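J.: Okay, here's the structure, questions in a sec.
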Amino acid sequence: MTAFLGMPAHAPRGVGHLRGEEPFPAAARRALNDAQLRRNLGKATSTIRAKRAAVVGELPDWEELRAAGRAIKADAMRNLDRYLLQLEAAVTERGGIVHWARDANEANAIVTSLVQAAGATEVVKVKSLATDEIGLNDALAAGGIAAYETDLAELIVQLGHDRPSHILVPAIHRNRAEIREIFLREMSDVDPGLTDDPAALAEAARRHLRRKFLSATVGISGVNFAVAETGTLCVLESEGNGRMCLTLPQTLITVMGIEKVIPTWADLGVFMQLLPRSSTGERMNPYTSMWTGVTAGDGPQAFHLVLLDNGRTAALADPVGREALHCIRCSACLNVCPVYERTGGHAYGSVYPGPIGAVLSPQLTGIQDNASLPYASSLCGACYDACPVKINIPSLLVHLRARHVEESGASVEALTMAAASWVMSSPRRFGRAQRAGRIYRPLGRRGGGLPPPLAAWTRSRDAPVPPARTFREWWRDEHGETP
Amino acid sequence: MTAGAREDVLARIRAAERGDSDDAGTAAAGYRQGGELSGSALLDRLAERLVDYRAKVRRVSAETLAAEVEAALAARGARRVVVPAGLEVPLPDSVAVTIDDGLSAAELDSFDGVITGAAAAIADTGTIILDGSAGQGRRAISLVPDYHLCIVPAEVVVELVPEAVAMLAAAASRPLTWISGPSATSDIELERVEGVHGPRTLEVMLLG
């Protein structure tokens, strides 16, 4: 047990998937050279953008719903301790068992021991970003437990020994031909005549997982919304794999980031409109399951809820940055982002890619561990317009850039600006500096940049060539006096 | 292992929220709480939205219900169906009907279909909602069989999502399943394909 020291507690290193192996610019450069990836992403994101625009346009009160979603989330974050305790009490009263985890390691240990206590060596999983974030599958494997991903896209990622690249569709970087290849290679029971027709691929997944569903004893899920008032948990999905995992096993373990709590039952009236239309571009997703603790004779008779911090309270401690915790994981900001559309999700290095990932991941890990992400944006603002809970992502990016500079100590840029300020505050010093600058005229002519350590500034900018004669010199020559 | 985790996380939250203003900034509820459609226009909207998501829809009355159910099952070729206890629907003699009494998943998998009622339906989104009460049954029975015939009485149909949420407030602690069309996926190139793990055919009878 560690005592609470009052310092922000970030997600620990060495576990889970919140940090990339290289900074965004390096990863992005490689992704940009992958023409197949760009084609796959361009096709998928343009499809989903059109669908979303159509169903959002149907609602005359979309802006009011966004405002309500934002207000509800702000209230939830401001009173997070109270709502979590209310949720805990309601779940417990209905026969559920609530666990608290400070970080990924604790959450993984809790889930692993619960599965072992249930006597299971296999679990079926509903797509869950929280469990991807903490690297649960790796931890379960280390504990001798095989975790089967059942969402089609997660299955594609798992079978392809790959990493998720999108919040909603983790295999968005794969096209149908690539998916067929993966299924033929990895599914022992697949029909060798499998075509790349999406319906045939979905059918193959159905056959592959059917027996697993019908025999699984432990299911593991995340959660989209948790209602403090009633203790009700909600999972939205499309395929029915979620219903299978939430309904058929005897034991259900749900891992929930603490920011998922919403205050009241009535709040679902807002979020059940905002989320489906923003994520899959449907009026409603095919299936939503809502459950409250344990119901005798219906579904799992043992239910565990694991409440996960893993850096969320560190984000909460930044009064500006905490807005990133309002995210309902719809992925609309990814689909409209010109940067994401070209680099894909892997370049961000975290299970939370795209604009929201660029403001969320650095806050969960500490900015120094994801320092390049707040710069992975052109600040065009499309993400803010698309966000169903009106997270002002561009202003958060700027805020985190400022925090990064402050927390990094003096930079070359800051020192240069300080020097410029000193020079420009005196006409004599300014005049001398202008004359001194002339020695760089030959460099400018050749199209070269500034010398190190200022070279970084001119890598993507032109440095103006210092004039042969300054304005002040011209004036003196014309008028015989200094202005 | 996690001794003190609860207290630590709560202490972190309270430290993070120190200095927050008490201004609750109460939720702006300017969104629509109630719809404008009623009667047959409401049912028409529900039917249209259900069909849009590839559900089959039949409009029936109390008089035609039995014949329509028989016709639907015959068209489907369903000979063995499972139903929840308390389903008050006339069922044809030509079909073997089993009332669920805690059947295993494997047993449920052997049926040709399931017939249930519904607790609510949302016209705007083409959604039916089951709450596990009499006539709707356990969640598993409307999940495992490949064909789901759902009978929706007109009186449980509302236009908007917030109306359904309000209507279900008293049932909030029951297991709820919201269903909008047959199971589907958009995971391959974000194109919607119907029919994955849940029932691949959803047929809805609007009664009234």
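J.: For segment A:178-223, give me the residue count where each residue is more than 18 Å from A:Ala153 (Cα to Cα) and not small (Gly, Ala, Ser).
T.: Within segment A:178-223, residues that are more than 18 Å from A:Ala153 (Cα to Cα) and not small (Gly, Ala, Ser) number 7.
J.: Can you say whether B:Leu168 is crowded, with 24+ Cβ neighbours inside 10 Å and under 15 Å from the mean Cα position of the chain (by Cα), as far as the supplied structure shows?
T.: No: the conditions fail for B:Leu168.
J.: Any chance segment A:48-71 includes a residue that's surrounded by fewer than 20 Cβ atoms within 10 Å (Cβ to Cβ) and either in contact with a strand residue (DSSP E or B) (Cβ under 6 Å, 6 or more places away or on another chain) or aromatic (Phe, Trp, Tyr) (or both)?
T.: yes
J.: Output the strands (runs of 3 or more DSSP E) that fall wholly within segment B:129-201 and possess 1 or more residues being more than 19 Å from B:Arg76 (Cα to Cα), facing chain A (nearest Cβ under 7 Å) and touching a residue at least 60 places away in the same chain (Cβ under 8 Å), or say none. Step through it out loud before you land on a result.
T.: Numbers: elements: B:147-153, B:176-179, B:184-188, B:191-194.
Fully inside segment B:129-201 and qualifying: B:184-188.
J.: Could I ask something else about it? Here is a list: A:Ala315, A:Ala347, A:Ala358. Which entry is assigned to a helix (DSSP H, G or I), in contact with a Gly (Cβ under 6 Å, 6 or more places away or on another chain) and of a type in the set (Gly, Ala, Ser)?
T.: Every option except A:Ala315 fails the conditions.
Bear in mind that the values in this text are calculations on the coordinates, not laboratory data. Predicted model, so just to flag it, every value in this text is computed and none were measured. Note that we place each Cβ from the backbone using ideal geometry, even for glycine, and neighbour counts take in every protein chain shown.
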